[in-house]
Amino acid sequence: MTLIKSISGIRGTIGGAPGDNLTPIDAVKYAAAYGSWIKQQRNKENYRVVVGRDARISGEMIQQLVMNTLVGMGIHVIDVGLSTTPTVEMAVALEHVDGGIILTASHNPKQWNALKLLNAKGEFLSATAGQEILTIAEADDFAFAEVDDLGEITKNEAYIDIHIDEILDLELVNQEAVKKAGFTVVVDAVNSTGGIAVPLLLDALGVRTVKLFCTPNGQFPHNPEPLKEHLGDLMQKVKEENADFGIVVDPDVDRLAFVDEHGEMFGEEYTLVAVADYILKNKKGNTVSNMSSSRALRDVTETHGGTYFASAVGEVNVVEKMKEVNAVIGGEGNGGIIYPELHYGRDSLVGIALFLSHLAEENCTISALRKKYPSYYFSKKKIELTLQLDVDAILKEMENNYASEEINTIDGVKIDFSESWVHLRKSNTEPIIRIYAEAKSQLEADTLADRFIAEIKSIAKL
């Protein structure tokens, strides 16, 4: 059982002992720390925070604890209920409130939950802000309101509809072309809130939807990370329904992947590549992804006359770099689309709308669209670690072992070879080292990743 306290939020497994897991006591403690931080930002009479959640079994319990803690601090809460991460981000911005909390452990299994924290712009916190909240929590440095100054909870469950309306109003969402294309799409929403939001969006775009695991009850039918090895049912359903393609999102709907008409993966890395191609053919500019993402985005960007930039891993780092270089599109190779015309956050819903517009205008199958892009092959693996291991020391030794190659250490260790690369980094959310490798064939990528796993295990004596 685990509790991970980081600048990106508080994530842990439900049950067990306080301080070691995400218990009710921990939920209250970190909600209070966040509330205290919110009140430190501006001296005002009324503070407001948006709170929403994915469909995890523990979600309602954690949400009630978090909301009532904020109420106890004199902060008014807008409860958007079952929602998505990008929807809560949109709500914070549109309501002009002081912050937001999304209760979701993203792609983690059902025993996990988390408090993901937003600033007043509806964006994830900076490293500095995140550390300030952790410091407040560790010092128990918070005070609660007197009885006449308690906050209130107001329900507003319209925000998924509002979010979709904002997407449909975007200039590059071609509703007419999508409707004319007459797509049939299978949706795997892993029984979370994508099962509410994605069909609503597709219906508004005139797409025939076949629902697979779209009941938002938190009973994940498979590992919720949208990787090929978890998507056998979706692949089969696309073929059975003779659908144009399949869509899969993670539990909080900020990661997006597609399955083609043959039941094969379009490639999670190519979600961003395809959407960027569409944006760049309509609007010239720069792109950003994190340094663990495919070289294909760089290639497509340069084809359109733009410049590609890489950031450290983490949404906040991608957003910071996008603002710095005025990028027109960006995101992460895990299927996260960030479209600044809507908001600075990974958003599967806007990604779906833009991808559908691109596919409809290209008037081709999704497999034919994939063949238009440079072919790189990705291997994403991980090594689970014990908490006692010194991960930084392990990565430093790997850096020293490959000092003769091109090395980037802004986030872990990235080693660039002439026709391939490997990126080793410790996770911010789990006790693991992630190993990303890219090469010109799947065999080469997998072999490269496996080689580095073996080397790390040798160093760590696992």
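The values are calculated or read from the model by the stated rules, or taken from the named source; none is laboratory data. This one's a predicted model, so the numbers in the text were calculated from it and none came from an experiment. Cβ sites come from the backbone with ideal geometry, for glycine too, and all protein chains shown count toward neighbours.
Data overview
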read-out: Hits in the stretch 417-427 - residues which are surrounded by 15 or more Cβ atoms within 10 Å (Cβ to Cβ) and either over 20 Å from the mean Cα position of the chain (by Cα) or of a type in the set (S, T, N, Q) (or both); value: S420, W421, V422, S427
read-out: Qualifying residue in the stretch 169-182 (condition: within 21 Å of the chain's Cα centre (by Cα), assigned by TED's automatic domain parsing to the domain that holds N282 and not charged (D, E, K, R)); value: no
read-out: The listed residue being surrounded by fewer than 24 Cβ atoms within 10 Å (Cβ to Cβ) and either more than 22 Å from the chain's Cα centre (by Cα) or under 16 Å from A197 (Cα atoms) (or both), out of L342, L349, L354, L359; value: L359
read-out: Per-region count, the stretch 318-346, residues within 12 Å of T271 (Cα to Cα), at pLDDT 95 or above and acidic (D, E); value: 0
read-out: Residues being over 22 Å from the mean Cα position of the chain (by Cα), over 30 Å from P431 (Cβ atoms) and buried (at least 24 other Cβ atoms within 10 Å of the Cβ) - total across the stretch 66-112; value: 2
read-out: Residues (in contact (Cβ under 8 Å) with a residue 60 or more places away in the chain and touching a Leu at 6+ places or on another chain (Cβ under 8 Å)) located in the stretch 396-434; value: M398, G412, K414, R425, P431, R434
read-out: Neighbours by Cβ (under 6 Å, 6+ apart or cross-chain): first from the stretch 22-44, surrounded by 14 or more Cβ atoms within 10 Å (Cβ to Cβ); second polar (S, T, N, Q) and assigned to a helix (DSSP H, G or I); value: V28/T69; A31/T69; A32/T69
read-out: Candidate set from the stretch 300-317 (those that are in a loop (DSSP other than H, G, I, E, B) and at pLDDT 95 or above); member that is surrounded by the fewest Cβ atoms within 10 Å (Cβ to Cβ); value: G305
read-out: Filter result (over 15 Å from K382 (Cβ atoms) and out of contact with any helix residue (DSSP H, G or I) (no Cβ under 9 Å at 6 or more places or on another chain)) within the stretch 414-440; value: K414, D416, S418, K440
read-out: Hits in the stretch 374-395 (condition: in contact with an Asp or Glu (Cβ under 7 Å, 6 or more places away or on another chain) and free of Cβ contacts under 8 Å to residues at least 12 places away in the same chain); value: none
read-out: Close pairs from the stretch 445-457: first closer than 12 Å to K380 by Cβ, partner of a type in the set (D, E) and buried (at least 20 other Cβ atoms within 10 Å of the Cβ), Cβ under 7 Å, at least 6 apart; value: A445/E438
read-out: Top-ranked residue of the stretch 147-167 - restricted to ones that are within 18 Å of V66 (Cα to Cα) and charged (D, E, K, R), ranked as farthest from the chain's Cα centre (by Cα); value: D149
read-out: Among residues of the stretch 434-462, those that are hydroxyl-bearing (S, T, Y) and part of a loop (DSSP other than H, G, I, E, B), counted; value: 1
read-out: Single residue of A137, A204 found to be among the small types (G, A, S) and not assigned by TED's automatic domain parsing to the domain that holds F258; value: A137
read-out: Residue match in the stretch 105-116 (condition: outside the structural domain of V249 (by TED's automatic domain parsing), closer than 20 Å to D250 by Cβ, of a type in the set (S, T, Y) and out of contact with any Asp or Glu (no Cβ under 8 Å at 6 or more places or on another chain)); value: no
read-out: Selection within the stretch 280-293 - surrounded by 24 or more Cβ atoms within 10 Å (Cβ to Cβ) and either more than 20 Å from R425 (Cβ to Cβ) or of a type in the set (S, T, Y) (or both); value: T287, S289, S292, S293
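Okay, residues lined up against (1) under 22 Å from N119 (Cβ atoms); (2) assigned by TED's automatic domain parsing to the domain that holds G9; (3) without any contact (Cβ under 8 Å) to a residue 40 or more places away in the chain:
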| position | (1), (2), (3) |
| --- | --- |
| L272 | no, no, no |
| A276 | no, no, no |
| N286 | no, no, no |
| T307 | no, no, yes |
| S311 | yes, no, yes |
| L342 | yes, no, no |
| R346 | yes, no, no |
| L354 | no, no, no |
| H358 | no, no, no |
